[in-house]
Amino acid sequence: SAVEALRKELEGRYTFMDMLSRNHGMLELFGILPDAAVSGSTVLIVGESGTGKELLARAVHGLSPRSQKSFVAVNCGALPDTLLESELFGYKAGAFTDAKKDRPGRFALAEGGTLFLDEIGDVSPAMQVRLLRVLQEKTYEPLGGSETIRADVRVIAATHRNLESLVAEERFRQDFYYRINVVRLRLPPLRERKEDIPLLVEHFISRFNRLQGKSVAGLTDSVLSDLMAYDFPGNVRELENILEHAFVLCRGGLIELRHLPEPFRSGSRAVRTATKGEGTSLEEMERIIIESALKRNRGNRLRTALELKIARTTLSRKIKSLGIESNSRRGRMPGK
């Protein structure tokens, strides 16, 4: 019970809405979310696939004055223009062959609430023009209709693409880019927040135990060490999928390397061979966390110690004992 109470306390400290993190950059993001949410401005969320952009959008909606109204999500990259237009704006009976009756679009369903436009970077310039008009004039017309409808909808857009490059290549309208890029929120990839991996693993194991009625206790040291050394191109979604696969094969006790998907097993063996050997998971975790923090703080040990919430002497001792090449700057922080 004491361990469970400690786990809940730690998880509570690093939980914001439905998101988990102890990463310094993520905690800063959590800090500005309430202001971004109540502003009512259009929000652009940028981040690689699998980082949790829709989860962040739901958090913005949940903290906003619109939280009691609908949150409606649309994956813009999954639909061609003709379908996306009818999906967003709806249509009137007779607008096309199979339109037997009126059908409301996602803007109508999100009235008073929030519309989440995922993969906005995949939208064609023609559709960008239509969306730009909605954002500027707050009005739209359903397909086959002549009546202009007012839209009281807060738009949150998200993309894994580099919109600035698309604008420079004239593949994304500059005026539309400026209209959606009012409040910009960046979700870092999991490889930049590896200190979150143990926290996320604990969360997913607890969740899968509840969903599947199992009693998996955790990971072996070698599996945790491999997860900490892996770069996760699929980010948090990939970590979740790896653990879900492991739950299919692991009946209880600890998740072992043999329970993981084959591509990861092969990759993790290569990582161990090419780097530091087996090692111990605690040392690997400490090394990765400290190296990441030093990199974020450009080698400044004082800033790094403050971020990790440890004494600078403790940090220096760990850097020496773990053999970390920090190229650190020992100078004081500006203004100190």
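The values are calculated or read from the model by the stated rules, or taken from the named source; none is laboratory data. Small disclaimer: the values here were computed from a predicted structure and weren't measured. Heads up, the Cβs are rebuilt from the backbone with ideal geometry, glycines too, and the neighbour counts pull from every protein chain shown. The protein model used for the area step is the full one, side chains on, heavy atoms only, and it has no ligands, DNA or RNA in it. Shrake-Rupley method; radii C 1.70, N 1.55, O 1.52, S 1.80 Å.
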Just one listed residue, out of Glu244, Glu238, is open to solvent by 50 Å² or more (accessible area, probe 1.4 Å) and either in a helix (DSSP H, G or I) or without any contact (Cβ under 8 Å) to a residue 24 or more places away in the chain (or both), and it is Glu244
Considering only region 40-71, how many residues are open to solvent by 30 Å² or more (accessible area, probe 1.4 Å) and not in a helix (DSSP H, G or I)? 11
Residue among Ala168, Ala157 that is small (Gly, Ala, Ser), farther than 17 Å from His61 by Cβ and modelled with pLDDT of 95 or more: Ala168
May I ask you to list pairs of residues, at least six apart or on different chains, whose Cβ atoms are under 8 Å apart, with the first in region 108-121 being over 17 Å from Asn181 (Cβ atoms) and without any contact (Cβ under 8 Å) to a residue 40 or more places away in the chain and the second being assigned to a strand (DSSP E or B) and aliphatic (A, V, I, L, M)? Leu109/Val72
Can Arg171 be described as outside any helix (DSSP H, G or I), open to solvent by 20 Å² or more (accessible area, probe 1.4 Å) and in contact (Cβ under 8 Å) with a residue 40 or more places away in the chain? yes
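Of the residues Leu132, Leu88, Leu83, Leu117, which single one is part of a strand (DSSP E or B) and either more than 29 Å from the chain's Cα centre (by Cα) or not polar (S, T, N, Q) (or both)?
Residue meeting the stated conditions: Leu117.
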Condition test on Val201, is it of a type in the set (Val, Ile, Thr), open to solvent by less than 30 Å² (accessible area, probe 1.4 Å), touching a helix residue (DSSP H, G or I) at 6+ places or on another chain (Cβ under 8 Å) and outside any helix (DSSP H, G or I)? no
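What are the residues in region 296-310 that are of a type in the set (A, V, I, L, M, F, W, C) and assigned to a helix (DSSP H, G or I), if any?
Step one: filter region 296-310 for residues of a type in the set (A, V, I, L, M, F, W, C), giving 302, 305-306, 308, 310.
Those that are of a type in the set (A, V, I, L, M, F, W, C) and assigned to a helix (DSSP H, G or I): Leu302, Ala305, Leu306, Leu308.
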Hits in region 86-118 (condition: modelled with pLDDT under 90 and charged (D, E, K, R)): Lys92, Asp98, Lys100, Lys101, Asp102, Arg103
Ala157 fails exactly one of (1) free of Cβ contacts under 8 Å to residues at least 60 places away in the same chain; (2) open to solvent by less than 20 Å² (accessible area, probe 1.4 Å); (3) under 23 Å from Ser67 (Cα atoms); (4) of a type in the set (A, V, I, L, M), namely (1)
Which one is most open to solvent (accessible area, probe 1.4 Å), of the residues in region 174-190 that are free of Cβ contacts under 8 Å to residues at least 60 places away in the same chain and in contact with a helix residue (DSSP H, G or I) (Cβ under 8 Å, 6 or more places away or on another chain)? Gln174
For Glu28, all conditions in the list (1) modelled with pLDDT under 95; (2) over 26 Å from Glu291 (Cα atoms); (3) open to solvent by 70 Å² or more (accessible area, probe 1.4 Å) hold save one; what is the number of the exception? (2)
